[in-house]
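Asks: Provided herewith is a single structure, encoded as structure tokens, for subsequent inquiry.
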Amino acid sequence: MNYYHPDMECASREKLRDLQSERLARTVRHVYENVPYYRGLMDKRGLVPGDVKSLDDLPKLPFLTKDDLRDAYPYGLLAKPLADVIRIQSTSGTTGKRVVAFYTQNDIDLWDECCARAIIAAGGGRDDVVHVSYGYGLFTGGPGLNGGSHRVGSMTLPMSSGNTERQIQFMVDLGSTILCCTPSYAAYLGETVISMGLQDRIKLKAGIFGAEAWSEEMRRDIEKTLRIKAYDIYGLTEISGPGVSFECSEQTGMHINEDHFIAEIIDPDTGEVLPEGTRGELVFSCITKEAFPLLRYRTRDICVLTRRECSCGRTFIKMTKPMGRSDDMLIIRGVNVFPSQIETVLLNSGMTPNYRIMLDRVNHMDTFEVQVEMTPEMFSDTVKQISTRERELVAALRTMLGISPKVTLTAPRSIARSEGKAVRIVDNRKI
Ligand code: DLL
């Protein structure tokens, strides 16, 4: 069975617009009837479902943001009875920032299909051995690509992340052909393959890498060390997970699965919809989902959309790699981190509010350090007491964020004060 759908993925603009219009109208009615929170937002604007008949009516709808998700947490945006929900996935973070997304069986099926398309676009098929080293569990990376690989009919290695030497051993023994993981982990795997002297014994041909920003230079490096073609994949938990968009052989942006998601670009300050080709914030409306169909969800990712002929034959619009964010979320080693989470841990641990988050990339791996000033009382502690406190902070930050920074306690007044906004983030990753 082949899950490449030329009838959808290569549909004419007119056919796609009709399909999107019909699915949008249906989804608006579904959320209006089943989500009191959303009905409240529509009522405030005097909107009823009949007002949204086609794509042209989309701008009438209100935007949804992470704040709405927070206000409605956990079940307030659920559009199906719990009895129909079979899965949740979630982002890392505190209760306040955490996103919980719900899936019915149909939602999982369409997500699998989106990821299957990405695997097929990277040259995958039934004969492939798909090695999934994205994290499994609440993170969408592992389950998403796993489902896509099953859908394609490839043999799937549900490796999850970590234990790098074992990953490489499996790669050699089972002949993995497609690697799915974050680009930084791919770079690390590449280096380790070389240091283990196994470059000639791996059979990888392609990689599907996403969940964090990565440069063209990094792509070239990974392609060289692992001797593969490296494809980008994008997505976010709120909208389903990986596979919202994916790269094809042309590698000039990621095709958005437009039969499932409508994309818009807006001015992040005014909310005005911008024409194609303009840089702005990406907004998605889900038009086929049942349990958690967010409409006009502001992703905070800044990018450009372009619709032009692609040599692969797909007609779906393309998005560039995200060029930044319109909020303060950082993505460190593939994990979403808000500076406010770090501040909460520091203050709850009796530290001063004078801190700095230092980010860099060494050998394509993010380095993550939190420098925080000691109080004058702590400064007179012994070296042993100070290093115990550093270890405690690492543990508390790991619990909050899901990843461990290096923590360095610095002398009182050693971190430069600012007259305006404090400069708390020094991001030297040059992505
Ligand atoms: O990162 C889903 C995913 C998993 C995508 C595996 C691709 C592969 P979240 O944890 O909710 O979901 O983080 C979503 O990550 O809004 C972007 O800012 C960023 N992001 C995702 N893919 C890319 C990419 C997953 N290819 C947030 N390039 C998004 C740059 C990306 N940033």
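The values are calculated or read from the model by the stated rules, or taken from the named source; none is laboratory data. The shown structure was predicted, so the numbers you read here are calculated from the model rather than taken from an experiment. Note that each Cβ is placed from the backbone with ideal geometry, even for glycine, and that neighbours are counted across all protein chains shown.
Asks: Would you pick out the residues in segment 308-341 that are at pLDDT below 90 and away from the ligand (no atom under 16 Å from the Cβ)?
Replies: 340
Asks: May I pose another question? If residue 192 satisfies every condition in (1) part of a helix (DSSP H, G or I); (2) in contact (Cβ under 8 Å) with a residue 60 or more places away in the chain; (3) more than 19 Å from residue 249 (Cα to Cα) but one, which is the exception?
Replies: Just one mismatch for residue 192, condition (2).
Asks: Go through segment 233-251 and give me each residue that's surrounded by fewer than 21 Cβ atoms within 10 Å (Cβ to Cβ) and within 14 Å of the ligand (Cβ to nearest atom).
Replies: Residue satisfying the conditions is 251 alone.
Asks: Report yes if some residue within segment 364-382 is touching a strand residue (DSSP E or B) at 6+ places or on another chain (Cβ under 6 Å), closer than 24 Å to residue 188 by Cβ and β-branched (Val, Ile, Thr); otherwise report no.
Replies: Checked segment 364-382: at least one residue is touching a strand residue (DSSP E or B) at 6+ places or on another chain (Cβ under 6 Å), closer than 24 Å to residue 188 by Cβ and β-branched (Val, Ile, Thr).
Asks: Which numbered condition trips up residue 416, out of (1) within 30 Å of residue 209 (Cα to Cα); (2) without any contact (Cβ under 8 Å) to a residue 60 or more places away in the chain; (3) surrounded by fewer than 20 Cβ atoms within 10 Å (Cβ to Cβ)?
Replies: Looking at each condition in turn, residue 416 falls short on (1).
Asks: A further question on this structure: So residue 214 clears everything in (1) under 16 Å from the mean Cα position of the chain (by Cα); (2) within 12 Å of the ligand (Cβ to nearest atom); (3) in a strand (DSSP E or B) except one condition, right? Which one?
Replies: Among (1) under 16 Å from the mean Cα position of the chain (by Cα); (2) within 12 Å of the ligand (Cβ to nearest atom); (3) in a strand (DSSP E or B), the lone unmet condition for residue 214 is (3).
Asks: Could you please tell me which pairs satisfy a Cβ distance under 9 Å, a separation of 6+ or placement on different chains, a first residue in segment 165-182 that is outside any loop (DSSP other than H, G, I, E, B), and a second residue that is within 16 Å of the ligand (Cβ to nearest atom) and basic (Lys, Arg)?
Replies: none
Asks: Still on this structure: How about segment 299-413: which strands (runs of 3 or more DSSP E) wholly inside it have at least 3 residues that are hydrophobic (A, V, I, L, M, F, W, C)?
Replies: Output list reads 330-332, 355-362, 365-373.
Asks: Got a number for residues in segment 280-298 being more than 15 Å from the ligand (Cβ to nearest atom) and outside any strand (DSSP E or B)?
Replies: The number of residues fulfilling the criteria is 8.
Asks: Tell me whether segment 331-351 contains one or more residues that are closer than 25 Å to residue 231 by Cβ and loosely packed, with under 14 Cβ neighbours inside 10 Å.
Replies: no
Asks: OK, next. Check segment 182-205 and report whether any residue there is modelled with pLDDT of 95 or more and within 16 Å of the ligand (Cβ to nearest atom).
Replies: no
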